[in-house]
Amino acid sequence: MCGIVGYTGPREAYPIVITGLKRLEYRGYDSTGVALLNGGLKVYKKKGRVADLEESIIGKDLHSNIGIGHTRWATHGEPSDRNAHPHTSKSGKLAMIHNGIIENYAQIKKELVNKGYAFTSDTDTEVLLNFIEDIKKNNECNLEEAVRVALKRITGAYCILLIDEDDPQTIIAARKGSPLVIGVGKGEHFLGSDASPMLEYTKEVVYVNDYELAIVRPDELILKNLGNEKITPFITKLDMELAAIEKGGYDHFMLKEIFEQPSTIHDCLRGRLDATAGTITMSGVMNNIEHFKNAQRIIIVACGTSWHAGLLAEYVIEELCRIPVEVEYASEFRYRNPIVNKGDIIIAISQSGETADTLVAIERAKENGAIIFGIVNVVGSSIARISDGGAYTHAGPEIGVASTKAFTGQLAVIMMMALKIAKEKGTITDERYNNLLMELDAVPEKVDAILKSADLLKAIAEKYKGAGDALFLGRGYNFPIALEGALKLKEISYIHAEGYPAAEMKHGPIALVDENLPVIFVATKDSYHEKIVSNMQEIKARKGKIIAIITEGDEVIPGLADDIFYVPAADEIIAPMLSTIPLQLLSYYVGIAKAVDVDKPRNLAKSVTVE
Ligand code: AGP
């Protein structure tokens, strides 16, 4: 949710921390701050963006070889200077930043208030910090020990970084539920919510696990569990270049990531799909193939856009593999006491691999003996590490808050998985199997062709940017794409949009239709085509404005729709990978036309690490 950065070493810490915060700003951007140690603790924090903070401290003495920084997505206490992180302890000697939620903070705050503590913010973080300092004072122990004792008393999720005026080279860090990566340099260490703040300094990183505590000095990294036992840090080599997290000449990350899809889908298929040889190679699937072949059911858990990929997976897996599939909102699945039997397969879909709702849902299912198969984009993320098997989507870093290339990566993995399992189970004919492999192999090229006509969507976006509401309709495999189109428009333009199965309109939502309502149909050629044409006529009859995503060569719908956008022909199972692209572009151009910050839309964050 929030972005966390830290550095200790011989270099100037401030520029490293501030650059790191800018790279993590997609995780939360309502307020920000840094803490440095130079002749005592210096804390600078402010409501607003990192650039606002930078502006406000020009001319200050920012020299320090140690620093921590935070960019916030508010949970406890509205975005403001006093609720911004870092927070300082009562003595003024400790500073702390936190990503997560301390669920029992109110109880602890009461205890501290009874001891005479006063608080300057509304945050759970300031409570935890003073709780730690209180333990340090009463137990006459060092900061590391005080943190360990305090963490045993709290419930919730956290990644915390602390610095201490009396120990000017050390950062104490700990995590449970929120991500923490430590970059190992020569005589220096970097800390971050992900690896982006340290990319140009080191490719050697340690992914810290839940209930681990790190003592970080320039030339020393000690990892321990809350039982005070040492753990050997496991160093992973990063396979990511700086360019991957820069805009590369595009105005926005979202536009860059939309236009990257021909190559990211290709990267996802590469080394796995060989349409000529008629093979799919996915070790994660093959390592669990007996489980898949004998599965009585598959449960998919996810959130947001990933949930839409899960819904499409239900249609595709049931069609090709003949295995019953249930798609669950992770947050509901987590608390509704679902029936999970030993050996059930849970497919967890997540771009970030850190979404708390999905993470805790699969932890619960795992406790009941389920097998977890992760479809994840961020390498080394928590969901990837706790899954029993999985497949990466290889879409590269996705910085824009609105998921685009990761979504098509998820669809590509789902298609390959379903085809592989169907082939192994013998639930698909060789002819259909080979045909779908060819179709999948052709997707990158077709997406490239669609992107060449992106400007057409600019004009449509300009026409409808003033709409207050919008409806997205689709049938069959296009229904999840209609839901995804509605989510994109909501996220990026703040227009209230809803997705529906087109036939569902008659059962209520059609009451919303009038001459002011844009209705976007995802209506590529498929076995539902005639039906969706009738649904279009129902909308037309009530003067609704019809925008239709249709297949090249469609001669019926152009006569019905007010605006059309063509996509290349494809098998109905594969077509959703194409029809989603113009909806991504439409939401982008409407957002731009409305001067929305499309990479950092209000109230959102890229990775939702709190429940
Ligand atoms: C999508 O554009 C949103 N950013 C959001 O709905 C996202 O899909 C959701 O938070 C799930 O994230 P994940 O895929 O990283 O788990």
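Every read-out reported here was derived from the displayed coordinates using simple, explicitly stated rules and does not represent laboratory data. Keep in mind that what you see is a predicted model, and the values were worked out from it rather than measured. All Cβ positions, glycine included, derive from the backbone under ideal geometry; neighbour counts span all protein chains shown.
How would you classify the stretch 1-145 from its alpha-carbon gyration tensor, with a ≥ b ≥ c the square roots of the eigenvalues: rounded for a/c under 1.5, else prolate if a/b is greater than b/c, otherwise oblate?
It is oblate, given that a/c is not under 1.5 and a/b is not larger than b/c.
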Computed over the Cα atoms of the stretch 319-470, what is the ratio Rg over Rh, Rh following Kirkwood?
1.04
Given backbone amide H placed at 1.01 Å from N, residues whose amide H is under 5 Å from that of Ala74, ignoring those fewer than 5 places away on the same chain, are Asp30
Which distance in nm do the two modelled labels at Ala569 and Asp469 give, with both placed 7 Å along the Cα-to-Cβ direction?
3.8
Could you give me the ³J(HN,Hα) list for the stretch 161-166, computed from phi with Karplus coefficients 6.51, -1.76, 1.60 and θ = phi - 60°, whole Hz, x at Gly and Pro?
10, 10, 10, 10, 3, 7
Multiplying the sequence separation of His507 and Ala593 by 0.36 nm and subtracting their Cα-Cα distance, what value in nm do you get?
27.6 nm
Report the full-extension gain for the segment Glu318 to Asn368: residue separation times 0.36 nm, less the Cα-Cα distance, to one decimal in nm.
15.6 nm
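Given a cut-off of under 8 Å on Cα pairs at least six residues apart, what relative contact order in percent is computed for the chain?
12
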Rounded if a/c under 1.5, otherwise prolate or oblate - the stretch 475-557, Cα gyration tensor axes
oblate
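For the chain, what is the Kirkwood estimate of the hydrodynamic radius, computed as the reciprocal of the mean inverse distance between distinct Cα atoms, to one decimal in Å?
Radius from the Kirkwood sum: 25.4 Å.
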Take Asp562 and Glu431, extend 7 Å from each Cα along the Cα→Cβ direction, and tell me the distance between the two endpoints in nm.
4.4
If I take R0 = 41 Å and measure r between the Cβ atoms of Lys293 and Asn142 in this structure, what FRET efficiency does the formula 1/(1 + (r/R0)^6) give, to the nearest 0.05?
0.15
Residue-wise HN-Hα coupling along the stretch 399-413, computed from phi with Karplus coefficients 6.51, -1.76, 1.60 (Hz; x: Gly, Pro):
9, x, 4, 7, 6, 10, 5, 5, 5, 5, x, 4, 5, 5, 5
Give me the net charge for the shell around Ile108: Cβ to Cβ below 12 angstrom, other residues only, Lys and Arg +1, Asp and Glu -1.
-1
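Within the chain, what percent of beta bridges assigned by DSSP are antiparallel, to the nearest 5?
Of all bridge pairs located within the chain, approximately 60 percent are antiparallel.
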Starting at the first residue of the stretch 40-51, write each ³J(HN,Hα) from the Karplus equation 6.51 cos²θ - 1.76 cosθ + 1.60 with θ = phi - 60°, in whole Hz, x for Gly and Pro.
x, 7, 10, 10, 10, 8, 7, 5, x, 7, 4, 4
Could you give the length gained by full extension between Ala51 and Phe234, i.e. 0.36 nm per residue of separation minus their alpha carbon distance, to one decimal place?
62.4 nm
Shape call for the stretch 72-180 from the C-alpha gyration tensor, a ≥ b ≥ c root eigenvalues: rounded (a/c under 1.5), prolate (a/b greater than b/c) or oblate?
rounded
Report, to the nearest 10°, how far helix 304-321 tilts away from the longest principal axis of the Cα atoms in the chain, using its own Cα long axis and a range of 0 to 90°.
50
Could you sort the peptides 577-589, 274-286 by per-residue average Cβ neighbour count (10 Å cutoff), highest mean leading?
577-589, 274-286
The stretch 188-292: Lys pairs at Cα distance under 24 angstrom, eight or more positions apart or on different chains
7
Please list, ordered by chain and number, the residues whose modelled amide H lies under 5 Å from the amide H of Ile564; skip anything fewer than 5 residues away on the same chain.
Ala548
Considering the convex hull of the alpha carbon atoms of the stretch 483-611, report its projected area averaged over all viewing directions, in nm², one decimal.
9.2
